[in-house]
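Beneath this line is the structure, given in structure tokens, with notes to follow.
The values are calculated or read from the model by the stated rules, or taken from the named source; none is laboratory data. Since the model is a prediction, treat every value here as computed from it, not as a measurement. All Cβ positions, glycine included, derive from the backbone under ideal geometry; neighbour counts span all protein chains shown. Areas reflect the complete protein model, heavy atoms only, side chains present, ligands, DNA and RNA absent. Shrake-Rupley method; radii C 1.70, N 1.55, O 1.52, S 1.80 Å.
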Amino acid sequence: MQTMAINRRALLRFMNTDLGSGHHTAVAAMLGEPLAVGLLLHYLTGKGLKATCVSTKVTQGTKAGARLDAWIATEDQTARTLYQTEIKMWAGNALGGLRLSDDADEAVLAAGAARQWNRIWDATQEMFIAPSVAKVLIPMKRPAGYEDWPCEPLACFWWLMRSQPEDGPWFTLDVGMTAKSPFGRVHIFSLTAYLLTLEDETLHLHLPLLRDRLQLIGGLFGSSEQHWTDVFRP
């Protein structure tokens, strides 16, 4: 499996501070979902699971209707799960985001994480506030070969978020009846929270979609195939 080296601290700085101002929207749009999926797989495999991105085509099986971003399959010796995944790469440096310095202490992190969580979740109704996130609770058509797999919703955010002070990067909440969803719970994954738990400065992530995008851009400017073979290592 080919991987690409990512500088963890540089990524946090770029997405959560004003470093590189003027380029955030363009770069985040290109990295976006591929990076989120790569970090999800990194987290899940670190938990001892076999994790795979099955597809980035997630629909209700109709021409119209809700669309999500990825099917993530996990399995171990006792269970298997298919996650219909919505990804929101809202940067910390964007309007309404959460800017974080390298030396932010736990009090700053906790307050910011709680604020961002309250922006997206209605605790009284037990559901997402924004329809663009709540769509993760709409059942999608499982991909071929996974029709009988248990399916659960997963909402992945760049923002640092916690529903409770003790929450880790991945936490799970019950979904209220007002959500009108057949799912009884939803999983939340915070990319910033996960990166902050790591100590390695270089992460090796499986990023096939990003590889394809970079190869396409490189081809437009004369980069050789060998260049990208060197960038993406087995």
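Out of curiosity, is A51 touching a residue at least 24 places away in the same chain (Cβ under 8 Å), surrounded by 19 or more Cβ atoms within 10 Å (Cβ to Cβ) and small (G, A, S)?
When the stated conditions are applied, A51 does not pass them.
Can you tell me which residue in the range 70-116 is modelled with the highest pLDDT, limited to those that are surrounded by fewer than 21 Cβ atoms within 10 Å (Cβ to Cβ), closer than 18 Å to A130 by Cβ and among the charged types (D, E, K, R)?
In this case the residue turns out to be K88.
Looking at the range 54-69, which of the residues that are among the charged types (D, E, K, R) and closer than 22 Å to P34 by Cβ is most open to solvent (accessible area, probe 1.4 Å)?
K57
Let me spell it out: the conditions are (1) assigned to a strand (DSSP E or B); (2) farther than 16 Å from F171 by Cα; (3) β-branched (V, I, T), and T85 meets all of them except one. Which number is the exception?
(2)
Just one of L39, L44 is touching a residue at least 40 places away in the same chain (Cβ under 8 Å), outside any strand (DSSP E or B) and open to solvent by less than 70 Å² (accessible area, probe 1.4 Å); which is it?
Unique residue meeting the criteria: L39.
Could you figure out which of (1) open to solvent by 50 Å² or more (accessible area, probe 1.4 Å); (2) part of a loop (DSSP other than H, G, I, E, B); (3) at pLDDT 95 or above isn't true of P143?
Going through (1) open to solvent by 50 Å² or more (accessible area, probe 1.4 Å); (2) part of a loop (DSSP other than H, G, I, E, B); (3) at pLDDT 95 or above one by one, P143 breaks only (1).
Kindly establish whether L195 is crowded, with 19+ Cβ neighbours inside 10 Å, closer than 18 Å to L39 by Cα, out of contact with any Asp or Glu (no Cβ under 6 Å at 6 or more places or on another chain) and not polar (S, T, N, Q).
Yes; evaluated as a whole, the condition is true for this residue.
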